[in-house]
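Visitor: Would you mind keeping the following structure in view while I ask a few things?
Please treat every number below as a calculation from the coordinates, not as lab data. Because the structure is a prediction, the values reported are computed rather than measured. So basically every Cβ, Gly included, is an ideal-geometry build from the backbone, and we count neighbours across all protein chains shown.
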Amino acid sequence: MDKSKLNQLLVQMSLEEKIGQLTQFTPQYLGRENGELTGVLGDFEVEQVYLDSLGSILNADSFEDMVEIQREHLKHDRLKIPLVFMRDIIHGYRTIFPIPLGLGATFDPDLIEEMAHQSGSEAASEGVQVTFSPMADLSRDARWGRVMEGTGEDSFLNAKMSASMVKGYQGQPGILAHDPSRIAACVKHYAGYGAVLAGRDYSTVDFSRITLYQDYLPAFQSAIEAGAKLVMPAFTLFEGVPATASKYLLKEVLREYLKFDGATISDWGSVDKFITMHIAGNQQRASELALNAGLDMDMMSGAFVRGLKQAVAEGAVDVADIDTAVYRMLELKNDLGLFEDPYRQFGENHATNEVFGEKIRANARKVATKSIVLLKNKNVLPLDTKIRIGVTGPLGDSQKILGAWSSLGKHSDAVSLATGLQKRFDHVELIPLPTSSDPADYANIDVIVAGLGEREDDTGESACKTNIELPEDQVVLLKRLQHTGKPIVGVIFAGRPLVLTNVVGLLDAILYAWFPGTEGGNALADLISGVSLPQGRLPMTFPRASGQVPIYYNTPRNGSPANDQNPSKFTSRYVDCENAPLFSFGYGLGYGDVHYGTPTIDNKVLTDNRDIKIEIALNNTSMYGSIETIQCYAGSSITEIVRPEVELKHWQQVEIPAGSTKKITFTISSDDLAYVHSDLNREADKGAFIVRIGSSATNYQELSLVYR
Ligand code: BGC
């Protein structure tokens, strides 16, 4: 539709129709039974006029449902404005890819763009038009259940990944209306949700504006620059105000600084939560606060339909502001081509795609393979396919490896670790729990593979933990298995970094599989047999004790730094634990043995007109190929505000075949030294700086350089 016609539509709408247009409900509000509930259903009546002119439906369960709902809606909506259907397509729709934290571990933005396109197209083919993804939240606290939904603790990595996801879902700018395989992306949760106090979901958040601009905004900025059509403000606070009521976040930062021109949609029931937070006494006041702050659509609170009309009557809300919000929703629908075709080229009789596309499954396997991180390998892996394997552990033969937020993915479609191994290896025996520890019972087994970790349900929204250690009964299991004298490979399924301190010594090899999705068992078999090479790298720091969290590699310097090797009083340390993590950000092994040569530079002085080139040779001396993720960190020596020593600035993923050497070049520019200063401007300080090049945040070679 020509954009000028949107205004013509807008002027014909009554106030009630406008308010309906700004409201989103689940199908239950239309009296239907189906529909996924990802929050609490409100117990209130909605006047028919609002239901007839509703703007959007979330979480409808099938194409048939969506067609029927749309058809009915178009019969009742006076101006025939189609509904827009939204859903959480977080890491797959039916074919489930690894959880986003695992996607972060791939360090491969192109692959993630492809996966977003495929999972989006699977959802699109069944009627979904908008996904509430990517989740661009920076996550530093592994107690928080939602760390599984983001790509980790580094804002630079997150920014690359959130942009890739948006591009994958939406395709080239302007193509949404014409390409039915594309869906619109809603980046969430804006901003700072990951900083919830004590890692407890929905709890309070408080950090500085510098931290907002430096750490929390970049992944939103890149998603917006990639064209994200919607932004969802977080449940949490910024400077004492819920994001959904924050004029500062929704107007000043979002519209002026980030130049976002799409629509905002609240999180589930967010507007109602103003009442629980005691910043509004009733829904009318809550709706007023949200609309005036710049919220366009109310998801599931009902506050707009119950309060906004009266707020207008009392002069507390200006109709012009409502019009702005409505226009944005109409624009979204227009961008999706819904006015021309509310079923987006699938037609009313399109059949639900119950059959998995082989291509999507193959890609899910590839992504899972690349997401899994080899944490330890005492010359056990890869295993010859003739080797006799005993599979045990609570997750050894479990199909509950899809992970939280797995939409319509079915556990029955998932390939368990044991099934994957059985397809690849000649002899795979299941060892039921409780296991024997008598070596005689293991005479026919060469290697034990133990499927360990946490339950899917203990991760994701409102699934936070105070203790992130591997469950005690699994430690006991490993101790028993040690008596058998057989090498033990631990495959750990988890939605967060778990504390593995007590079990690292009990395992000969560790593969950290996250929740790998539908093709998990096949991907693991590919890695364990050496058909694929492990290449995942940790997108979050792994603590050695629960009490260390939040722990992340780029904490600002402090005035009393501790030395783990030589601990002394009055330094920033624990009396019962080292400061160093168990495994650092960026860490991960391959089967190959790659040596990093001494980096060389073309020049020691960086200027605004002259970059520095750093070259490093990598030599693979082993019989296995290796896919290395070479990381480049940088930071200024003297800074205006207290800063981390370095931050990730570049990485390259390079395949180094067995017995070969490759040279890699990084280019450092002054932009790599830029950071957010006290006046909120991002700039670089002149003077000395360091660059670190290595295989993780803690395994590197350092260069001292100067910026003039
Ligand atoms: C979550 C969002 C999600 C929404 C809709 C909320 O509970 O916080 O991330 O998009 O539900 O399902």
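Visitor: Principal axis extents for segment 485-528, Cα atoms only, whole Å, descending order, please.
Guide: Principal-axis extents of the Cα atoms in segment 485-528, largest first: 31, 25, 11 Å.
Visitor: If you take every DSSP beta bridge whose two residues both sit in the chain, what share of them, in percent to the nearest 5, is antiparallel?
Guide: Working: 47 of 87 bridges.
So the antiparallel bridges in the chain amount to around 55 percent.
Visitor: Taking 0.36 nm per intervening residue step and subtracting the Cα-Cα distance, what contour gain separates residue 400 from residue 320 on full extension?
Guide: Between residue 400 and residue 320, full extension yields an extra 23.8 nm.
Visitor: I've got another one for you. Where does helix 63-76 land angle-wise versus the long Cα axis of the chain, in degrees 0 to 90, nearest 10?
Guide: 20 degrees
Visitor: Normalising by the residue count of segment 1-141, find the relative contact order in percent from Cα pairs under 8 Å and 6+ residues apart.
Guide: In percent, rounded to a whole number, it is 21.
Visitor: If you don't mind, another one. Could you check the spin-label model distance between residue 678 and residue 457? Points 7 Å from the Cα along Cα→Cβ, value in nm.
Guide: Between residue 678 and residue 457, the simple spin-label model gives 5.2 nm.
Visitor: Still on this structure: Is segment 393-466 best put as rounded, prolate or oblate by its Cα gyration tensor, with a ≥ b ≥ c the root eigenvalues, rounded for a/c under 1.5, and otherwise prolate when a/b is larger than b/c, oblate when not?
Guide: Oblate.
Visitor: Tell me which residues come under 5 Å, amide H to amide H, from residue 622 once H is placed; ignore anything under 5 positions away on its chain.
Guide: Those lying under 5 Å, H to H, from residue 622 are 593, 659.
Visitor: How large is the translational diffusion coefficient of the chain in µm² per second when you combine the Kirkwood radius over alpha carbon pairs with Stokes-Einstein at 20 °C and 1.002 mPa s?
Guide: 81 µm²/s
Visitor: Something else: Over 32 Å between Cα atoms, which of 188/423; 370/613; 400/663; 400/649 qualify?
Guide: In this structure, 188/423; 400/663; 400/649 lie more than 32 Å apart at Cα.
Visitor: By per-residue mean of other Cβ atoms within 10 Å, what is the highest-first order of 302-312, 659-669?
Guide: Sorting 302-312, 659-669 by mean packing, highest first, produces 302-312, 659-669.
Visitor: If you take the charge dipole of segment 275-385 about its Cα centre, with +1 on Lys and Arg Cβ and -1 on Asp and Glu Cβ, which of 343, 324, 308 is farthest toward its positive end?
Guide: 343
Visitor: From Cα pairs below 8 angstrom and at least 6 apart in sequence, can you work out the relative contact order of segment 379-429, rounded to a whole percent?
Guide: 49 percent
Visitor: Taking θ = phi - 60°, what integer Hz values does the Karplus form 6.51 cos²θ - 1.76 cosθ + 1.60 yield along segment 653-659, in sequence order, with x for Gly and Pro?
Guide: So the Karplus estimates, Gly and Pro as x, are 9, 9, 8, 10, x, 3, x Hz.
Visitor: How long is the gain from residue 178 to residue 609 if the chain were fully straight, where each residue apart is worth 0.36 nm and the alpha carbon distance is subtracted?
Guide: Length gained, residue 178 through residue 609: 150.8 nm.
Visitor: Using 7 Å Cα-to-Cβ label points, what is the residue 28/residue 619 separation (nm, one decimal)?
Guide: Distance between label points: 6.5 nm.
Visitor: Among the listed pairs 5/167; 259/662; 160/247, give every one whose C-alpha distance is greater than 31 Å.
Guide: With Cα atoms farther than 31 Å apart: 259/662.
Visitor: Normalising by the residue count of the chain, find the relative contact order in percent from Cα pairs under 8 Å and 6+ residues apart.
Guide: Taking the mean separation of contacting Cα pairs over the length of the chain, I get 13 percent.
Visitor: Now a separate question. At 7 Å along the Cα-to-beta-carbon direction for both residue 208 and residue 248, put a label point, then send me their distance in nm to one decimal.
Guide: The answer from the label model is 1.4 nm.
Visitor: Work out, step by step, the length gained on full extension between residue 658 and residue 641: first 0.36 nm times the residue separation, then minus their alpha carbon distance; give nm to one decimal.
Guide: The residue 658-residue 641 span can extend by a further 1.6 nm.
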